[in-house]
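The structure under discussion appears below in the form of structure tokens.
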Amino acid sequence: MKTLVRVVGAAAVAMVLFAGCSSPTDGTGGSGADSSASSSAASDADTTINITLGPDGKVEPNGEKVDAEVGDTLTFVITSDHDDEVHIHGIDVEIEVPAGETVTMDVPLDTPGSFEVESHHPAKIILILNVR
Ligand SMILES: [Cu+2]
């Protein structure tokens, strides 16, 4: 038992050190394993996603699916006619959008999965991000 505890402790230290030189916020344990072999470096990894919030609680886009790949960076350009937030579930990015302003934010994708992007006022699904 004591030996086991010591081993676990050492592993935890190693993970902290490793995390220190990459992203401190991922914590998903990666799995992945395959990392899609060749990856064929699909030229432009950057995609711009334009989002409009309002008027009358409408959102644009409105529930569309967006395919992306791990390693892509999505540039969100968000305009709202009211104070709102755009929340990317799973990635836990929350973008504050003040009334009448346009906010631009780059979101690097480092985790595969399906993530809902939603507004909060009102709560609507803007798009669904499928990251592979
Ligand atoms: Cu949310």
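Read-outs: derived from the displayed coordinates by stated rules, not from any lab. The model shown is predicted, which means the values in this text are computed figures rather than measured ones. Cβ sites come from the backbone with ideal geometry, for glycine too, and all protein chains shown count toward neighbours.
Worth pointing out:
- Packing rank of 62-71, 75-84, where each peptide gets the mean count of other beta carbons within 10 Å, highest leading: 75-84, 62-71
- Looking at region 46-132 alone, DSSP beta bridges between its own residues are antiparallel in about 65 percent of cases.
- A crude spin-label estimate for the pair Thr73 and Thr52, with each label 7 Å from Cα along the Cβ direction, gives 2.7 nm.
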